[in-house]
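Engineer: Mind having a look at this structure? Questions to follow.
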Amino acid sequence: MKASENRHFRYLELDKILDMLAEYTACEDARIAAQSIMPEPNVNLAQALMNQTRDAHMLLARFGGPSFGGLRNVNNSLSRADAGSVLTMRELLDVSSLLKSIRALVQWRGTNAGVESVLDNYFSALVPNKFLEDAINSAIISEEEMSDNASPALYEIRRKIRIQESRVREQLEKLTHSSRYSKYLQENIVTMRNGRYVVPVKNEYRSEVPGLVHDTSSSGATVFIEPMAVVESNNEIKVLHGKEEEEMDRILAELSATAGSFAENIKSSYACAVELNLIFAKAQLAYSMNASVPEINDKGIINLRMARHPLIDKKSVVPVDIRVGEDFDTLVITGPNTGGKTVSIKTLGLLTLMAMCGLMLPVGDRSVVSVFDNVLADIGDEQSIEQSLSTFSSHMVNIVDIINVADEKSLVLIDELGAGTDPVEGAALAISVLEAIHAKGAKIAATTHYAELKEYALQTYRVENGCCEFDVSTLRPTYRLLIGVPGRSNAFAISERLGMSKDIVDRARELVGNENARFEDVVDKLEQSRLDMEKERQTAYELKLQAEEILNENKKMRDEIAALREAEVEKAKSQALKITEQARREAYALLNELDQLKKEKDKTNNMAELARRARATVKRSLENIDSVSDPVVALEFDENYTLPRELKIGDKVIVADLGKEATVLSLPDKKENVEIQMGAMRTRVAITSLRLIENKTDQNKKTSGARKVNSEFEHKLSMAADTRLDLRGMTVDDCLIELDRFIDSSLRTGLNEFTIVHGKGTGALRSAVQKYLRSSPYVKSFRLGVYGEGENGVTIVELK
């Protein structure tokens with residue numbers, strides 16, 4: 001049974017949705033499958049179908065869709081091949097096309113195998129057969145032509161045919177151009193009749209050209225004669241063509257038998273490919289509708305957010321929020337004609353059926369939909385001339401059927417309940433029908449014009465009013481569905497807006513019963529209250545957006561300031577480390593100079609004591625430098641600092657928290673905040689964090705002085721390190737002490753290689769030095785000098 005054959009589904013236009021789905025399929029079987037989909041009432045199966053569509057939608061978004069081109073139903077051909085029949089070249093090419101499509105699907109999935117999907121079972125069931133595919137493609141060029149390379153025998157036969165044909169044509173070409181026979185010919189050409197080479201001879205000279213007559217022209221003026229000289233060759237060609245046909249039949253039989261042996265695998269793979277085609281068609285339909293995945297339950301709870309009817313143009317459709325089954329089981333929708341009541345309940349029913357078919361829905365996030373055993377609808381004019389039924393009667397026939405079928409697992413949708421008869425009786429009948437279906441536990445959405453049903457909804461448990469909004473000022477419906485608000489008549493307001501006399505409208509109001517008038521007044525007040533609340537809510541929402549925007553801007557500014565602070569601290573650390581390292585190297589260079597002086601000038605004990613004290617002082621200074629080199633902290637300022645004068649626009653200041661110079665852009669505001677320009681960033685800071693720079697010139701002088709000191713240090717440092725250690729005349733103990741100190745100094749100053757002068761002598765000093773160097777962890781290598789360096793009197797050392 002198809003959806004188009006179920007009148008309830010047809011009322012809700014499910015068949016049109018399935019026709020849209022069929023347009024996205026790539027083969028006839030997938031198209032038929034799409035049009036034959038029926039809603040699934042089992043929640044687990046419906047959820048499984050939805051999961052398939054969801055994963056196909058995800059794969060489509062991430063990797064693009066697979067190609068289903070070439071899918072053909074060859075099940076009949078394969079069955080015949082399996083039974084021993086020989087397939088035609090067209091049928092074998094169709095098998096090859098299917099195998100190529102299956103292989104393409106497997107390769108597509110292989111390229112994105114890192115993403116798991118519920119569709120993997122379908123893809124893993126596909127069995128490509130490259131062997132059979134290549135065998136068919138290498139043998140068959142088209143449905144009318146087989147390749148020469150289909151078999152060695154066929155190649156050889158066709159080679160002989162070409163040789164024989166060449167010989168025959170050569171002989172006939174000589175005949176047509178010979179002086180003896182050319183005058184008898186109608187034209188100097190070689191042609192074919194009945195598969196044999198002939199020449200066209202004038203009828204009156206047919207006896208002049210010995211041979212066999214194969215055909216005559218329609219006018220009788222020309223006869224086509226096979227000259228006796230080529231009869232034998234033509235016979236040979238005829239025999240070869242017969243062998244060619246036999247070889248081609250043999251090849252087709254062999255390919256057919258091979259295809260038949262793989263028939264079951266190919267059929268099952270085709271079935272999986274068709275199913276995948278249908279699933280990806282659902283995903284493509286979801287893309288076209290901008291659809292999303294709803295939550296599915298079997299408890300009768302429906303909550304569709306921003307639902308759009310999929311058959312209405314996306315540019316003009318008005319999204320509606322529809323719910324039923326949670327707070328109430330019956331929704332009674334009232335309102336004027338063309339206001340959107342029918343579209344609302346059709347949207348509710350159609351989207352429910354689509355979800356049960358595994359189709360994603362054109363709704364907002366967090367939408368909820370339920371599955372039902374029965375989705376029953378009475379929508380539209382079913383007047384029947386053949387059955388002599390009026391509009392009212394035809395509706396009653398449908399409603400009687402609905403009442404008989406409905407149960408707690410049913411969704412019932414009724415349009416204009418009780419219409420087409422006396423208003424009093426129609427309203428009473430409508431209430432009675434709703435009570436009967438409601439008592440069975442079904443979920444109901446019904447539209448009506450009767451005011452009595454508004455009162456029924458207000459007074460009955462788990463029955464709710466709804467209405468489609470109408471703008472009286474523009475005399476146009478807004479198509480918005482409002483749940484919890486009974487619909488207004490608007491007849492008097494519309495008539496007055498259209499120019500009807502106020503006296504006539506007032507008289508009409510007097511004729512309306514007092515109770516009905518009071519009810520309409522209550523509805524008016526409710527509607528006005530709702531509009532006021534909506535305006536307030538919109539205002540609150542806009543204020544919330546503004547507050548969030550300001551909060552985000554403040555957060556961004558805080559992040560920028562924190563990043564700037566961190567960058568400045570890191571920069572200060574780097575500069576401090578650079579300065580301390582420079583000072584350390586300078587200090588050790590001074591120590592080396594003092595040691596050198598001690599060696600060169602053998603002064604009094606006072607001089608040695610002076611050098612010792614100098615070294616101790618320098619070492620203490622180095623320790624102090626090391627203690628303060630890390631970490632670097634932000635600049636410190638006096639907490640009791642007050643500005644020497646009021647700030648002016650353009651003043652240069654330092655931001656105490658960052659130690660960064662900035663320019664004042666505005667005077668302090670009420671909160672004592674000042675806008676400043678700090679590099680490329682503009683921000684507002686508290687005035688208490690600013691320190692005024694009164695004399696820029698003095699600061700420049702200080703900076704210049706510091707730069708001068710630094711340049712002197714650098715100059716001195718460049719001359720600091722000595723690369724030669726002279727140990728001659730020292731005892732072994734003294735020379736090892738000096739060597740240890742020199743290595744330590746070299747490591748600190750970055751010296752990688754130096755020369756030790758120990759002299760030749762007895763070799764005792766050289767042995768002691770080299771023994772020490774072997775055990776030192778700081779020495780990479782050492783060697784004796786060569787000619788020009790001092791030979792055995794020196795040792796060249798390379799540090800690590």
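Engineer: Quick one: if you stick a label point 7 Å off each Cα along the C-beta vector at residue 392 and residue 127, how many nm between them?
Structural biologist: 6.7
Engineer: At 0.36 nm per residue, and after removing the present C-alpha to C-alpha distance, how many nm does the segment from residue 784 to residue 221 gain when stretched out fully?
Structural biologist: 190.8 nm
Engineer: Let me ask you something else. Can you give the extra length, in nm with one decimal, that the chain gains between residue 682 and residue 557 once fully stretched, where that is 0.36 nm per residue apart less the Cα-Cα distance?
Structural biologist: Gain on stretching residue 682 to residue 557: 44.1 nm.
Engineer: Then there is this: Which distance in nm do the two modelled labels at residue 571 and residue 167 give, with both placed 7 Å along the Cα-to-Cβ direction?
Structural biologist: Taking the simple label geometry, residue 571 and residue 167 are separated by 9.8 nm.
Engineer: Something else about it: Run the simple label-point estimate for residue 648 and residue 581 please: 7 Å along Cα→C-beta, distance reported in nm.
Structural biologist: 4.5
Engineer: State the answer as a single residue: which of 217, 265, 203 lies farthest towards the positive end of the charge dipole of the stretch 192-305, with beta carbon charges of +1 for Lys and Arg and -1 for Asp and Glu, about the Cα centre.
Structural biologist: 265
Engineer: Count the net charge of all other residues whose Cβ sits under 15 Å from the Cβ of residue 108, scoring Lys and Arg as +1 and Asp and Glu as -1.
Structural biologist: With Lys, Arg at +1 and Asp, Glu at -1, the neighbours total +2.
Engineer: On to the next question. Please list, ordered by chain and number, the residues whose modelled amide H lies under 5 Å from the amide H of residue 479; skip anything fewer than 5 residues away on the same chain.
Structural biologist: 469
Engineer: Starting at 0 and stepping by 10 Å, how many percent of the alpha carbon pairs of the stretch 1-132 end up in each bin?
Structural biologist: P(r) over the stretch 1-132, rounded to whole percents: 11, 30, 33, 21, 5, 0.
Engineer: Please list, by residue number, every one of the GluC sites (Glu not before Pro) in the stretch 187-277 that is coil in DSSP and has at most 13 other beta-carbon atoms within 10 Å.
Structural biologist: In loop regions of the stretch 187-277 (DSSP not H, G, I, E or B), the sparsely surrounded GluC sites (Glu not before Pro) are 187.
Engineer: Given a 1.4 angstrom probe, I'd like the percentage of the accessible area of the stretch 743-791 that is carbon and sulfur, rounded to a whole number.
Structural biologist: Here carbon and sulfur together make up 50 percent of the probe-accessible area.
Engineer: Tally up the carbon and sulfur contribution to the accessible surface of the stretch 59-140 as a whole percent, 1.4 Å probe, everything protein left in place.
Structural biologist: Answer for the stretch 59-140: carbon and sulfur cover 50 percent of the accessible area.
Engineer: Right, something else. Counting only heavy atoms of protein chains, what accessible area per residue, in Å², does the stretch 1-156 have with a probe of 1.4 Å?
Structural biologist: 48
Engineer: Taking the Cα centre of the stretch 200-243 as the origin, how large is its charge dipole in debye, to the nearest 20, when only Lys and Arg (+1) and Asp and Glu (-1) carry charge on their Cβ atoms?
Structural biologist: Charge dipole, the stretch 200-243, about its Cα centre: 120 debye, nearest 20.
Engineer: Can you check what the net charge comes to around residue 406, using other residues whose Cβ is under 14 Å from the Cβ of residue 406 (Lys, Arg +1; Asp, Glu -1)?
Structural biologist: After counting each charged neighbour, the total is -4.
Engineer: Report, to the nearest whole %, how much of the accessible area of the stretch 248-361 belongs to carbon and sulfur atoms, 1.4 Å probe, protein only.
Structural biologist: 50
Engineer: Now, a different point. From the square roots a ≥ b ≥ c of the eigenvalues of the alpha-carbon gyration tensor of the stretch 40-115, which class results: rounded (a/c under 1.5), prolate (a/b over b/c), or oblate?
Structural biologist: oblate
Engineer: In addition: In whole Å, what are the extents of the stretch 268-327 along the principal axes defined by its C-alpha atoms, from largest to smallest?
Structural biologist: Projected onto the principal axes, the Cα atoms of the stretch 268-327 cover 48, 34, 14 Å.
Engineer: Please identify the GluC sites (Glu not before Pro) of the stretch 62-164 that satisfy two criteria: DSSP loop assignment and at most 15 other Cβ atoms within 10 Å. Which are they?
Structural biologist: 116, 143, 144
Engineer: Per residue, what accessible area does the stretch 160-296 have, given a 1.4 Å probe and all protein chains present, in Å²?
Structural biologist: On a per-residue basis, the stretch 160-296 sits at 50 Å².
The values are calculated or read from the model by the stated rules, or taken from the named source; none is laboratory data. Just so it is clear, the structure is predicted and the values come from calculations on it, not from any experiment. Every residue, glycine as well, gets a Cβ built from its backbone with ideal geometry; the counts of neighbours run over all protein chains shown. Ligands, DNA and RNA are stripped out before the accessible areas are found, and what is left, the full protein with its side chains, is counted by its heavy atoms. Shrake-Rupley method; radii C 1.70, N 1.55, O 1.52, S 1.80 Å.
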